[in-house]
Amino acid sequence: MNIILLGPPGAGKGTQAERLVADRGMVQLSTGDMLRAAVKAGTPVGLKAKAVMDAGELVSDEIVSALIGEKLDAIGDKGAIFDGYPRTAAQAASLDALLAARGRKLDHVIELAVDEDALVERITGRFTCANCGAGYHDKFKLPRVPGTCDVCGHHEFKRRPDDNEQTVRTRMAEYRAKTAPILPIYEARGLVSRVDGMADIAEVTRAIEAILDGKG
Ligand code: AP5
Ligand code: MG
Ligand code: ZN
C-alpha cells in the first residue's frame, strides 16, 4: 500500500506517519526530513536547500523528486507513506512516473483538514528527540517522564530553525498557492479521503486506519 499524507505545515503529517510506521510496518518518506538530513550532513543538496527552507519556501522539484526516487529504491516492497511530497503539480507528475517505474501504485491520498490559526501554536510548540527524532509538543504531547524521550530514553531535544511564526506564515502561503491545487488531480482519480486533523492525535490515527482498512 502506498499513501500520501497531505496537509499544511503542522497538520500532523509527521505525527501520523510515525504512528503508521509503528502500527503497520510501512516506511515514512518525508522530503522535509531528507532535506534536513542533507543540510546537517553538508551535502551539495543540503547547501542549496538550507536558505530556501529557512525562508519557508519550496526547494526545487528536481531535488525533492530525486531524493524520493532514491528512497523508493531502498525500501524494497514495503508500503510507502509520502509525507510532505508531492507539494506541486510537477512533483505529483514525477511521483506517478517514479511509482509506475517500480510497479507501484497510489492507494490513498489522505487530506488532513485543519484550522490554520491553530497550526501556529502546534508548530511553535513542537520539538523532537535529538537522538531518535521522535516528535513531541510543549502542550499536546509531552514525554511521559519529563526531559526523557519515551522511545529511546535520550535527554536532549531540538527545535527546527523554520518553526518560527514568520516562516510558518510563508510555509502556509506556499501550501495554499502550490500544494492545495494538486488535490483536484487526485480527487478526479477517486483517491482522496478527508480526515479531521483537529481531532486528538489518536483519533486522527483511527480515522486514517479505517480508511486504509477500507472502512472509512
Ligand atoms: P516539512 O518538514 O515537510 O514541513 P511542513 O510541511 O511545513 O510540515 P511540518 O513538518 O511542519 O508539519 P507536520 O504536518 O509534519 O506536523 P507534525 O506532525 O510535526 O518541510 C519543511 C521544508 O522543507 C519546507 O518548508 C520546504 O522548504 C522543504 N520541503 C520539504 N518537502 C518539500 C517538497 N516536496 N518540495 C519542496 N520543498 C520541500 O505536527 C506538528 C506539531 O503538532 C507536533 O508537535 C505534534 O505533536 C502536534 N500535533 C500533531 N497532530 C496533533 C493533533 N491532532 N492535536 C494536537 N497536536 C498535534
Ligand atoms: Mg513534518
Ligand atoms: Zn528518542
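The values are calculated or read from the model by the stated rules, or taken from the named source; none is laboratory data. No experiment lies behind these values; they were computed from the predicted model shown. Please note: Cβ atoms are built from the backbone with ideal geometry, for glycine as well, and neighbour counts cover all protein chains shown. With ligands, DNA and RNA removed, areas are computed over all heavy atoms of the protein, side chains included. Shrake-Rupley method; radii C 1.70, N 1.55, O 1.52, S 1.80 Å.
Hey, P86 hits all of (1) within 16 Å of ligand 2 (Cβ to nearest atom); (2) assigned to a loop (DSSP other than H, G, I, E, B); (3) farther than 18 Å from A17 by Cα but one; which does it fall short on?
(3)
Being without any contact (Cβ under 8 Å) to a residue 12 or more places away in the chain and either in contact with a Lys or Arg (Cβ under 8 Å, 6 or more places away or on another chain) or surrounded by 23 or more Cβ atoms within 10 Å (Cβ to Cβ) (or both) is the filter here, so list the residues in the range 1-52 that pass it.
Hit for the range 1-52 is G46, nothing else.
Return the residue satisfying two criteria in turn: it lies in the range 152-161 and is under 21 Å from G84 (Cβ atoms) and in a loop (DSSP other than H, G, I, E, B), and of such residues it is least open to solvent (accessible area, probe 1.4 Å).
R160
Suppose the filter is outside any helix (DSSP H, G or I) and surrounded by fewer than 19 Cβ atoms within 10 Å (Cβ to Cβ); does E70 pass it?
Numbers: outside any helix (DSSP H, G or I): no; surrounded by fewer than 19 Cβ atoms within 10 Å (Cβ to Cβ): yes.
Criteria not met by E70.
I'd like to check something: does the range 162-175 contain any residue that is modelled with pLDDT of 95 or more, outside any loop (DSSP other than H, G, I, E, B), acidic (D, E) and under 30 Å from K40 (Cα atoms)?
yes
Looking only at the range 85-130, how many residues end up being farther than 14 Å from P181 by Cα and free of Cβ contacts under 8 Å to residues at least 24 places away in the same chain? Explain how you work it out, then say what you get.
From the range 85-130, those farther than 14 Å from P181 by Cα are 94-108, 110, 112-130; that's our starting set.
Filter again for free of Cβ contacts under 8 Å to residues at least 24 places away in the same chain, leaving 96-97, 100-101, 103, 117, 121, 125.
Looking only at that region, the number is 8.
For the range 126-147, which positions are more than 9 Å from ligand 3 (Cβ to nearest atom) and assigned to a strand (DSSP E or B)?
Residues satisfying the conditions are R126, F127, G135, Y136, H137, K141, V145.
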